[in-house]
Amino acid sequence: MNTKIQQFHIQRILFWIFSSLIILAILLYGYFLNTAIGSVVAREGIEAEMSRVNSVIGDLESEYLALKSSITLDIAYSKGFQSITPSNFISRGVFGKGISLNETP
């Protein structure tokens, strides 16, 4: 009789352990499923934002190219830019240890 009581007690403990593990597994499954769905939704939102930003960048690039092609030397002079003067550069010559002076025309 005492062994039957102990066996029943062990079976009851095992039942609660396995029941708890099953409930834990169901809860973890729900959590991970929710996390996966949330990640997919977030990724779709990010992809839509990237598409919008790429479209804006394309528009800005075409506007830049249009403005770049419309700039002339007369416009630059009217904005206050000036022609540069010839520069003098100093470079080390290949022969000897001296430094030579190269002037640009």
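Annotations for the structure displayed:
- Cβ-Cβ under 8 Å pairs, at least 6 apart or on other chains, the stretch 1-23 side assigned to a helix (DSSP H, G or I), far side loosely packed, with under 10 Cβ neighbours inside 10 Å and of a type in the set (Gly, Ala, Ser): none
- Near pairs, Cβ below 9 angstrom, 6+ apart or cross-chain, from the stretch 62-75 (on the phi > 0 side of the Ramachandran plot) to any residue that is outside any helix (DSSP H, G or I) and modelled with pLDDT of 90 or more: none
- Residue that is modelled with the lowest pLDDT [pool: residues in the stretch 75-94 that are surrounded by 10 or more Cβ atoms within 10 Å (Cβ to Cβ) and in a loop (DSSP other than H, G, I, E, B)]: Gly93
- Matching entry among Ile10, Ile23 (being at pLDDT 95 or above, among the β-branched types (Val, Ile, Thr), out of contact with any Ser or Thr (no Cβ under 7 Å at 6 or more places or on another chain) and surrounded by 10 or more Cβ atoms within 10 Å (Cβ to Cβ)): Ile23
- Residue within the stretch 61-74 that is exposed (fewer than 10 other Cβ atoms within 10 Å of the Cβ), out of contact with any Ser or Thr (no Cβ under 8 Å at 6 or more places or on another chain) and not in a helix (DSSP H, G or I) present: yes
The values are calculated or read from the model by the stated rules, or taken from the named source; none is laboratory data. If you're wondering where the values come from, they're calculated on a predicted model, not measured in any experiment. Positions of Cβ are generated from backbone atoms using ideal geometry, with glycine treated the same way; all protein chains shown enter the neighbour counts.
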